[in-house]
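Only one structure is covered here, and it is reproduced in the block below.
The values are calculated or read from the model by the stated rules, or taken from the named source; none is laboratory data. This one's a predicted model, so the numbers in the text were calculated from it and none came from an experiment. Here the Cβ positions follow ideal geometry from the backbone for every residue, glycine too, while neighbour counts run over all protein chains shown.
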Amino acid sequence: MDNVAGYVILALLLISGIYSVIIYNGLVSLKHNVSKAWSNIEVLLKQRHDELPKLVDVCKEYMGYERETLTRVMEARARVAAAQRDGDVKALGSAESEMRLGLGNLFAVAEAYPDLKANENFQHLQQRVTGLENAIADRREFYNESANINNIRVEQFPDVLVARLFNFRAFDLLEFTEEEKADVSIQALFG
């Protein structure tokens, strides 16, 4: 009888050990998926960061009286870079909202300058930056999905036991500000 109880206890310990390893490996995979998604965003942010000064320089040639719009774009660029450098997801979400709003204003104001709109460099840079904006939005969605899956797993039982034991953590989501969710006022852009 003692032999059977010993084997049962040994089997239960072996099964729970294997199950814990499976949970641990799953959490590691999720953590690395979130890191990969964040890295993809960083690559696109860097590319956009490099393109914006070129776009602003082309615009400066034509938009001499629109310095405030250009300045806002460059200030937003600096805030995005600082948030990215610090790994501050919440600050990045806010700075990204400012950047998108600034770029929207820049492109709207550029409509009033036919020579600028016809400039090949401006057209190329506008398409490049717009493409990067769309790619960032796609990657942000992928990042949030990866972070959300991770966050659910580190809070679910029995995963939470392994997560706490090995210090797995939840990740912040890249969230939209209320300004970014609101409808764009075309009249305000041209006002």
*Determine which single condition Ala108 fails, assuming it passes every other condition in (1) in contact with a Phe, Trp or Tyr (Cβ under 7 Å, 6 or more places away or on another chain); (2) over 30 Å from Ser29 (Cα atoms); (3) free of Cβ contacts under 8 Å to residues at least 60 places away in the same chain; (4) surrounded by 14 or more Cβ atoms within 10 Å (Cβ to Cβ).*
(3)
_Just to be sure I understand, how many residues within segment 5-26 are in contact with a helix residue (DSSP H, G or I) (Cβ under 6 Å, 6 or more places away or on another chain) and among the aliphatic types (A, V, I, L, M)?_
1
*Kindly provide the set of residues from segment 112-166 that are within 16 Å of Val43 (Cβ to Cβ), more than 16 Å from the chain's Cα centre (by Cα) and hydroxyl-bearing (Ser, Thr, Tyr), ordered by number.*
none
*Go through segment 149-173 and count every residue that is assigned to a helix (DSSP H, G or I), at pLDDT below 95 and under 20 Å from Gly93 (Cβ atoms).*
0
*Does any residue of segment 133-144 turn out to be over 20 Å from Glu98 (Cα atoms), in contact with a Leu (Cβ under 8 Å, 6 or more places away or on another chain) and not acidic (Asp, Glu)?*
no
*Test Glu120 against the criterion of being farther than 30 Å from Ile23 by Cα, of a type outside the set (Ser, Thr, Tyr), surrounded by fewer than 18 Cβ atoms within 10 Å (Cβ to Cβ) and out of contact with any Gly (no Cβ under 8 Å at 6 or more places or on another chain), and give yes or no.*
yes
*Within segment 29-57, which residues are within 21 Å of Leu161 (Cα to Cα) and free of Cβ contacts under 8 Å to residues at least 40 places away in the same chain?*
Ser29, His32
